[in-house]
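As structure tokens, the structure follows; a few thoughts come after it.
Since every read-out is calculated from the coordinates, none of them should be taken as a lab result. Since this is a predicted model, take the numbers as computed values, not measurements. Reconstructed Cβ throughout: ideal geometry from the backbone, glycine too, with neighbour counts over all protein chains shown.
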């Protein structure tokens, strides 16, 4: 679709959204970044300057892969990361803006994000498929027997960990460092989580190797996603791809392109700062907006 002006594209996108029988959102890390979940810079410094000084990494992503020498250190880092990215307040209202745009539509969300922002912003949990895990879940590090296929809620365990480091948790869930006390970088040995079903150390339920647990909830969400796709073939479906890069294109991007090519009434929209692209085969049914997701969605909602 050869429209050069961003404002013109947004006007047309409003028409597509109003005309759509259903909306399928594909959300990548760019959406959460636009919502304030930055993993470096001021936000990293606020919570992890002590880790940066000791270990030399400069962002939360690197901190998550650092080879800590003990589980007390490992969870000393991860408890902070999980709390601020899963349980503390969402930094801005972008997910609320998105929800307001689709809440009266037949919608579904497919996402690689693990911060659970959709559900926390009012999206129906029956219309969400988190493919890559959830910061709010633990799993066994070596699942077997009763722990195979099973995950465990971690909120209270993570809360106890961050409080053991000296942090306070505010009324809204914000993580606050004490003003005149140095926080600790490790948790007590007694708070290191072990799986209640197999005795192995717990780990995060994030897809990083073949031990990742796809639990019953994961499979139920996958089934609902597949049913949504099949039930709308031939309908006017708007595929709204937000902040999806090329790290894992087989989860959202490639299936969205394929679905657009195969279904006459489908429209594809890619909003991505610096990576807005679609194949020439679906150009006439697509719109690529090279811009900030927050700016575009707020204009769309205006």
Out of all the residues in the stretch 19-37, is one or more surrounded by fewer than 14 Cβ atoms within 10 Å (Cβ to Cβ), in contact (Cβ under 8 Å) with a residue 24 or more places away in the chain and in a loop (DSSP other than H, G, I, E, B)? yes
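Every residue, every condition in (1) under 27 Å from residue 138 (Cα atoms); (2) free of Cβ contacts under 8 Å to residues at least 60 places away in the same chain; (3) in a helix (DSSP H, G or I); (4) touching a strand residue (DSSP E or B) at 6+ places or on another chain (Cβ under 6 Å), yes or no:
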{"residue": "218", "(1), (2), (3), (4)": "yes, no, yes, no"}
{"residue": "221", "(1), (2), (3), (4)": "yes, no, yes, yes"}
{"residue": "234", "(1), (2), (3), (4)": "no, yes, no, no"}
{"residue": "240", "(1), (2), (3), (4)": "no, no, no, yes"}
{"residue": "245", "(1), (2), (3), (4)": "yes, no, no, no"}
{"residue": "248", "(1), (2), (3), (4)": "yes, no, no, no"}
{"residue": "260", "(1), (2), (3), (4)": "no, yes, yes, yes"}
{"residue": "264", "(1), (2), (3), (4)": "no, yes, no, no"}
Looking only at the stretch 293-302, count every residue that is within 20 Å of the chain's Cα centre (by Cα) and either within 25 Å of residue 229 (Cα to Cα) or surrounded by 17 or more Cβ atoms within 10 Å (Cβ to Cβ) (or both) and tell me the total. 4
Restricting the search to the stretch 266-292, which residues are without any contact (Cβ under 8 Å) to a residue 40 or more places away in the chain, under 22 Å from residue 11 (Cα atoms) and exposed (fewer than 15 other Cβ atoms within 10 Å of the Cβ)? 274, 277
Please determine, by comparing only the residues of the stretch 49-87 that are more than 22 Å from residue 202 (Cα to Cα) and assigned to a loop (DSSP other than H, G, I, E, B), which one is nearest to the chain's Cα centre (by Cα). 59
Would you call residue 167 under 14 Å from residue 194 (Cα atoms) and touching a strand residue (DSSP E or B) at 6+ places or on another chain (Cβ under 6 Å)? no
For the stretch 90-114, name all the residues that are over 18 Å from residue 30 (Cα atoms) and assigned to a loop (DSSP other than H, G, I, E, B). 103, 104, 105
Among the residues of the stretch 167-184, are any loosely packed, with under 14 Cβ neighbours inside 10 Å, on the phi > 0 side of the Ramachandran plot and without any contact (Cβ under 8 Å) to a residue 24 or more places away in the chain? no
